[in-house]
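Following: one structure in C-alpha cells, then a few remarks.
Nothing in this text is a laboratory measurement; each read-out follows from the coordinates by a stated rule. Since this is a predicted model, take the numbers as computed values, not measurements. All Cβ positions, even for glycine, are placed from backbone atoms using ideal geometry, and neighbour counts span all protein chains on display.
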Amino acid sequence: MPPSNAVRKETVLFIATLAAFLTPFMGSAVNIALPTIAAEFSMDAVSLSWVASSYLLATAMFLVPFGRLADIYGRKKIFTLGIAVFTVSALLSALAASGTELILFRFIEGIGSAMIYGTGVAMITSVFPPGERGRALGINVTAVYLGLSIGPFIGGYLTELFTWRSIFLTNIPLGILIVALVFRDLKAEWADARGERFDLAGSVFYSLMLLLVMYGFSRLPGTVGIVAVLAGAGVFAGFLLHERRTASPVLDIALFSANRAFAFSNLAALINYAATFAVGFLLSLYLQVVRGLDPGTAGLILITQPVVQTIFATPAGRLSDRIEPRYVASAGMALTVVGLALLSRLDAATDIAYIIGSLVLLGFGFALFSSPNTNAIMSSVERSCYGVASGMLATMRTTGMMFSLGVATVTFAVFIGSTAITPAVAPLFLASQQAAFAAFTLLCIVGVFASLARGSVRAEPPAPCPVSD
C-alpha cells in the first residue's frame, strides 16, 4: 500500500524531483556542447543531430513498456534500475572514442531515462491526493526546468574550462545519491496492476514502430526515409490490431477512444514539445556559429527560457488545482505561438535583447502549459493506470522532442546538405532555421485548439483503467 503520511509523501516528491532534474540537465548541457563535439569527431549536421536524437529515440521506444512493467512489478523497482542505467551510461558517454560510440551510449542512456520518466510522475501521483497533486507536479516540473536552466550555463563553462566529457561526469554523483536515498528512505512499493500479464509482443510492435518512424523521419526527404516511415506506419497498424485483441495490452487503446481528457491532453503535450524542443538545439548553433559567441556566453542567453519556466511552473500547477487545467494550459500554448513567431524572424544581425525577449515569452508560455497539462492527464485515470499514463505522457514528450529535432534535421538536409555547420554556410543555416521556426509556429497554433478540445477534467471522475486479464 502507498504511504499516506505527509513526511513520506514529501520524501517521494524529493527523490522523484531530484531525478526529474537529472535528465533535462544532461540534455540541455549536451546541446550547448554540440559544436565542440562536432569539431572533435568531424561530424556533419545530420550526424550531429543523432547525438541528441539517439537518446530521445530510445526514451520514446521504451517509455510505455517500462511504465506498464512498473505498474505490474513495482514503480520504485523500475525507477531505481533506471537511475543506475542512466548513471553508468553517462560514464560510458564520457569515455566515448568516436561519434558512433557516443551515439550508442546516448541510446543506452535513453533506455535508463525511459525507466525514470515512466515512473517518477506515477510515484508522485500515487501518494498525493487530487487536491494536492497540482502543487506536487508543479514542483516536479520546476525541477525539470531548473535542470534545463542551469544545463546550458554549466555545460558551456565545463566545455570551455575542461572538455565536453566533463558534462557527463557531473551527472554520476547525483545518480549515485538518488539510488542511495531510494534504498534508505523508500520502503514502500507501488504496483497497482500486480499480477497482470505483460504484453511483450505489443511492446516489440510499439518500439519497432517508433524506431522506424523516427529513423525514417531523420532520413527524409530521401528514399530510405520514405520507406522507413511507411514501414513504421504498417507496424503501427499491426500494433493497433494486436492491442485491441490482447487481454492485457501494454497500451489499451480505450484510454484514448473512451477518455477525451486523456487523449487530447496527450495530443497537446505531443504538439507542444514538437514545436519547442529544437529551439535550444537551433539557437545553440545560431549563437555560436552565426554570431560567433563562445559556449559560456551562448549558454547564458539560452538559460533565459528555462529560468522563466522554473519561476512560474509551480504557481501554474497550483493554479490548475483551482481553475480548469485546459484554460491555463491553452493560454500558455498561445503565448508559445507568439514566442516562436518572433524567433522565425531571426537573421545574422538580430539584437540579442530581441532573442532574450522571445525566450522569456516561450518560457512563460511553457510554464503555464506543462504543469496544468500533466495534472489533467494524471487526474483523468485511476490508480492502476498511473504508470501507463505517466509513460504515455513522457512518450508524447520525447516523441515530440524527436519530431522537433526531425524537423530541424530535414531543414538541414534541404538547405545545407551533408556539410558541417560552419560560418561558411551561415546564410544557408539561417534559411533552414527560419523555415523550422515557421513550421513550429504553425504546429503550435494547432496545439492551442487541441488543448481546448480536451473538455473539463473536473466534470468527470477518473476513468477506470481498462486493462484486465
Amide H to amide H, which residues 5 or more places from Val381 or on other chains are under 5 Å from it, using H placed in the peptide plane? Ala463
For segment 108-171, shape from the Cα gyration tensor axes a ≥ b ≥ c, cut at a/c of 1.5 then a/b versus b/c, turns out oblate
Roughly what angle does helix 223-245 make with the longest principal axis of the chain, taking Cα atoms, 0 to 90 degrees, to the nearest 10? 10
Can you list the HN-Hα couplings for segment 266-283, worked out from phi with the Karplus curve (6.51, -1.76, 1.60; θ = phi - 60°), rounded to whole Hz and with x for Gly and Pro? 5, 4, 4, 5, 4, 5, 4, 6, 5, 8, 10, 4, 6, 4, x, 4, 5, 5
Where does the chain land at 222 nm, in deg cm²/dmol rounded to the nearest 500, when only DSSP H runs of n ≥ 4 count, each adding -39500 (n - 2.57), divided by all residues? -27000 deg cm²/dmol
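What shape does segment 266-324 take by its C-alpha gyration tensor, where a ≥ b ≥ c are the square roots of the eigenvalues and a/c under 1.5 counts as rounded, a/b above b/c as prolate, and the rest as oblate? Before the final figure, lay out each step's value.
Details: a/c = 5.89, a/b = 1.92, b/c = 3.07.
The shape class here is oblate.
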Which value, in debye to the nearest 20, describes the size of the charge dipole of segment 207-308 about its Cα centre when Lys and Arg Cβ atoms bear +1, Asp and Glu Cβ atoms bear -1, and nothing else is charged? 180
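Looking at segment 130-226, which trypsin sites (Lys or Arg not before Pro) are DSSP coil and have at most 12 other C-beta atoms within 10 Å of their C-beta? Walk me through the numbers on the way to the answer.
Values: sites: Arg133, Arg135, Arg165, Arg184, Lys187, Arg194, Arg197, Arg219; in loops: Lys187, Arg194, Arg197, Arg219.
For trypsin sites (Lys or Arg not before Pro) across segment 130-226 that sit outside H, G, I, E and B with at most 12 neighbouring Cβ atoms in 10 Å, the list reads Lys187, Arg194.
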Two-decimal Rg/Rh across segment 200-245, once Rg and the Kirkwood Rh are taken from alpha-carbon atoms: 1.05
Give the angle, between 0 and 90 degrees and rounded to the nearest 10, that separates the Cα long axis of helix 130-161 from the longest principal axis of the Cα atoms of the chain. 30
Measure nothing fancy, just the Cα-based angle from helix 325-343's long axis to the longest principal axis of the chain, in degrees from 0 to 90, nearest 10. 10
Among [x] 26, 61, 12, 0; [y] 24, 59, 17, 0; [z] 17, 30, 25, 18, 8, 2, 0, which is the computed P(r) over Cα pairs in 20 Å bins from 0, in percent? [x]
What are the ³J(HN,Hα) values, in whole Hz, obtained from phi via the Karplus relation 6.51 cos²θ - 1.76 cosθ + 1.60 with θ = phi - 60°, for each residue of segment 353-368 in sequence order, with x given for Gly and Pro? 4, 5, 5, 4, x, 5, 5, 4, 4, 4, x, 5, x, 5, 5, 5
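If you put +1 on each Lys and Arg Cβ and -1 on each Asp and Glu Cβ, how big is the dipole of the chain around its Cα centre, in Debye rounded to 20?
Working: 27 positive and 23 negative charges, 156 e Å.
Dipole size: approximately 760 debye.
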Just going by the charge dipole of the chain, with Lys and Arg at +1 and Asp and Glu at -1 on Cβ, which of Ser380, Trp164, Val307 is farthest out on the positive end? Ser380
Set of aspartates and glutamates near Lys187 by C-alpha distance (under 15 Å), chain-local residues within fewer than 8 positions excluded: Glu10
